[in-house]
Amino acid sequence: MRKRQPDYRPNPIPRALNALALLASGERKYLSLVRREARWAGGFQPESFRTWYYGYVMILVAEYTMATGDRSLLDDLRRLALEAAEGQSIVGSWGHDFRRPDGLLYGYGMMNAPGLPLTIGLVLARAAGVDDPKIDNAIDKSVALLRFYVGKGAVPYGDHHPWIETHEDNGKCGMAAVLFDLLGDTEAATYFARMSVASHGPERDTGHTGNFFNMLWAMPAVALCGEQATGAWMREFGAWYLDLARQSGGTFQHQGPPEERPDKYGGWSASGAFLLAYAQPRREIVLTGKRPEGLGSGVAAIDADEAASLIADGRGWSNLHRTSFSDGLSEDDLLERLSSWSPVVRERAGLALARRRAEVIPQLVSLLGSQDLHSQLGACQALAQMKGRAGDAVPALIEQLGSEDLWLRVKAADALAKIGDPAIVALPELLGALARIPGEGDPRGMEQRYLCFALFDRREGLLRRSLEGVDREALSTAILAGLRNEDGRARSAVGNIYDRLSLEELRPLLPAIHEAILQTAPSGIMFADGVRMAGLRLLAKHRVEEGIAACAFYVRHMKQHGSQKRVPKVLEILQGYGAHAQAVIAELEQVADYFENDEVRFPKKLSRQKAEAVRDAVRTIRASTERPELIRLN
């Protein structure tokens with residue numbers, strides 16, 4: 001057996017999975033090997049990518065502790081769990097590594113692919129006997145963030161829109177199904193488990209950077225729906241796929257999606273991942289269905305008809321032929337699919353109706369007026385794709401802005417924005433909704449976030465063409481609210497409006513615009529730099545004195561990812577202040593030295609490139625004699 005060999009040192013993720021598969025067998029003859037691997041996992045301390053590894057090693061140690069009753073690794077499990085909990089961002093997410101000292105994430109921000117296994121690991125660590133309020137808090141924060149996606153799509157890459165191209169996205173629906181089942185959240189677990197059943201064939205055999213996690217988390221989630229779902233999914237896809245992956249020696253090798261280029265997981269062992277699928281009927285560990293006291297289990301088994309229906313929902317899509325199946329359906333079939341439980345099925349139907357320019361606006365308005373939430377959401381999705389041709393639906397969409405359902409309000413606003421000019425009459429309602437303080441049911445301001453896109457997006461926002469006739473007081477109040485939203489992408493959308501306002505209109509907004517430069521958004525970090533750059537350009541355009549210090553501050557404190565491109569742009573903005581910028585030369589020289597000698601977690605070559613750009617700017621600023629007239633914020 002490969003695990004017995006001295007040079008057995010695979011990637012920590014398949015290594016943990018291989019040990020879990022042996023534990024899931026229930027065979028005592030493997031216990032000595034599993035014990036050795038659990039001890040390795042308990043002492044695990046990687047130098048990088050800790051978030052990716054900690055989830056899986058925590059799961060292994062916790063599962064081993066609960067399956068064997070051996071509590072000798074509880075201290076190690078506590079260390080792993082507390083490091084993971086303390087590495088969580090202030091909004092409840094994780095990225096490629098643990099949080100920065102200020103509570104924000106490194107790199108380009110939140111990633112759910114490591115965050116979900118970390119949360120599962122924390123839940124299992126708690127069930128195994130690790131008791132600490134920090135762990136409880138970390139679980140609660142992560143769950144609050146992830147639960148938003150129930151009923152809206154697959155759990156996406158990071159802090160993004162729900163994923164609705166396919167029913168699964170790198171295994172994150174499967175992870176979420178397992179997590180919410182462990183927590184006894186029947187509604188959420190059932191939704192994500194159904195999404196997992198509907199993902200098979202080309203949908204399952206794909207994924208960002210590869211399909212390893214799509215395959216790993218399939219069966220643990222599918223099995224939650226019972227024997228009929230498991231059998232239907234295996235007949236459709238799983239049985240033949242796993243058979244083809246089996247090698248002559250009985251092991252399984254990761255195959256990757258059917259593409260010419262190898263994925264990121266080439267050479268990984270898939271034995272543990274696939275044996276966990278086969279071990280589901282044994283129910284020896286939590287990942288294969290065992291539920292010790294304190295862990296929930298609430299997904300109801302489905303019957304054969306429902307299993308067949310879910311499988312049918314996932315057919316007809318491939319990377320090479322994404323639209324041909326939907327385009328072959330009749331108009332009546334597409335309208336019926338708009339009432340599906342699946343946001344993916346609804347989206348494909350709406351897109352197909354739009355492509356064929358179907359004259360179905362009256363039918364869509366009728367669906368909007370129904371009492372079925374899925375039908376109402378499907379109508380919004382289709383109307384959004386119809387764009388300007390859906391002008392007659394504007395009154396019905398405006399009516400849905402008052403719905404009790406947050407996501408219906410969001411999808412109605414999205415449809416209005418995409419309809420464009422015929423929907424301008426909705427501006428008072430949309431601006432007022434954005435300006436309102438989020439209620440208790442929306443602690444992260446998600447409705448506010450999506451309203452920022454609906455109003456201010458550069459390509460599809462309702463205000464993208466003209467501000468004529470727009471109530472300036474309502475607009476200003478909405479802008480201020482958007483700049484306070486915790487999402488960096490939403491704030492950046494608001495920044496698109498800056499250049500379309502006069503200095504007189506901007507004056508009461510300038511302090512908030514300045515604050516949005518200095519205080520980066522706590523979430524949506526991947527897109528958080530847009531509003532900061534827009535603010536710096538605006539302050540420089542109007543020669544606002546505080547923009548000088550803001551430029552120097554931002555050069556040092558911007559997100560590292562992509563900073564080699566943004567630093568020269570900020571320095572160019574700063575140089576527009578002429579000799580006034582000499583006030584920050586000393587600070588810039590310190591920043592250049594930092595880039596040259598002390599910056600970590602960034603390619604050295606690019607750090608030196610930034611340092612040289614700063615020093616070039618200092619030479620230009622030092623030689624400048626021009627002193628344009630400045631104004632101040634207040």
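The table below lists the values:
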{"quantity": "Odd one out for His200, checked against (1) within 29 Å of Arg491 (Cβ to Cβ); (2) at pLDDT 95 or above", "calculated": "(1)"}
{"quantity": "Which numbered condition Gly158 fails, given (1) crowded, with 24+ Cβ neighbours inside 10 Å; (2) in contact with a Gly (Cβ under 9 Å, 6 or more places away or on another chain)", "calculated": "(1)"}
{"quantity": "Those residues of region 237-275 which are surrounded by fewer than 17 Cβ atoms within 10 Å (Cβ to Cβ) and under 28 Å from the mean Cα position of the chain (by Cα), in sequence order", "calculated": "Pro258, Glu259, Glu260, Arg261, Pro262, Lys264, Gly266, Gly267"}
{"quantity": "2 or more residues touching a Cys at 6+ places or on another chain (Cβ under 8 Å) and over 27 Å from Arg444 (Cα atoms): qualifying helices (runs of 4 or more DSSP H) within region 125-223", "calculated": "none"}
{"quantity": "Count - residues of region 605-622 that are out of contact with any helix residue (DSSP H, G or I) (no Cβ under 7 Å at 6 or more places or on another chain) and open to solvent by 80 Å² or more (accessible area, probe 1.4 Å)", "calculated": "3"}
{"quantity": "Test: Arg337 is surrounded by fewer than 22 Cβ atoms within 10 Å (Cβ to Cβ) and of a type outside the set (Phe, Trp, Tyr)", "calculated": "no"}
{"quantity": "Residue count, region 411-434 (criterion: under 25 Å from the mean Cα position of the chain (by Cα) and open to solvent by 10 Å² or more (accessible area, probe 1.4 Å))", "calculated": "4"}
{"quantity": "Any hit, region 283-304, residues being modelled with pLDDT of 95 or more, outside any loop (DSSP other than H, G, I, E, B), open to solvent by 40 Å² or more (accessible area, probe 1.4 Å) and more than 25 Å from Val123 (Cα to Cα)", "calculated": "yes"}
{"quantity": "In region 202-236, the residues that are in contact with a Lys or Arg (Cβ under 6 Å, 6 or more places away or on another chain) and crowded, with 21+ Cβ neighbours inside 10 Å", "calculated": "Gly210, Asn214"}
{"quantity": "Residues of region 298-308 satisfying the condition of being among the small types (Gly, Ala, Ser) and either in contact with a His (Cβ under 7 Å, 6 or more places away or on another chain) or within 16 Å of Glu227 (Cβ to Cβ) (or both)", "calculated": "Ala300, Ala301, Ala304, Ala307, Ala308"}
{"quantity": "Flag for Arg532 being surrounded by fewer than 22 Cβ atoms within 10 Å (Cβ to Cβ) and either more than 30 Å from Arg444 (Cα to Cα) or not aliphatic (A, V, I, L, M) (or both)", "calculated": "no"}
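Residue-wise test of (1) small (Gly, Ala, Ser); (2) open to solvent by less than 30 Å² (accessible area, probe 1.4 Å); (3) assigned to a loop (DSSP other than H, G, I, E, B).
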| residue | (1), (2), (3) |
| --- | --- |
| Gly482 | yes, yes, no |
| Arg489 | no, no, no |
| Val494 | no, yes, no |
| Arg507 | no, no, no |
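The values are calculated or read from the model by the stated rules, or taken from the named source; none is laboratory data. Predicted model only: the values in this text are computed from it and were never measured. Cβ sites come from the backbone with ideal geometry, for glycine too, and all protein chains shown count toward neighbours. These accessible areas exclude ligands, DNA and RNA; they are computed on the full protein's heavy atoms, side chains included. Shrake-Rupley method; radii C 1.70, N 1.55, O 1.52, S 1.80 Å.
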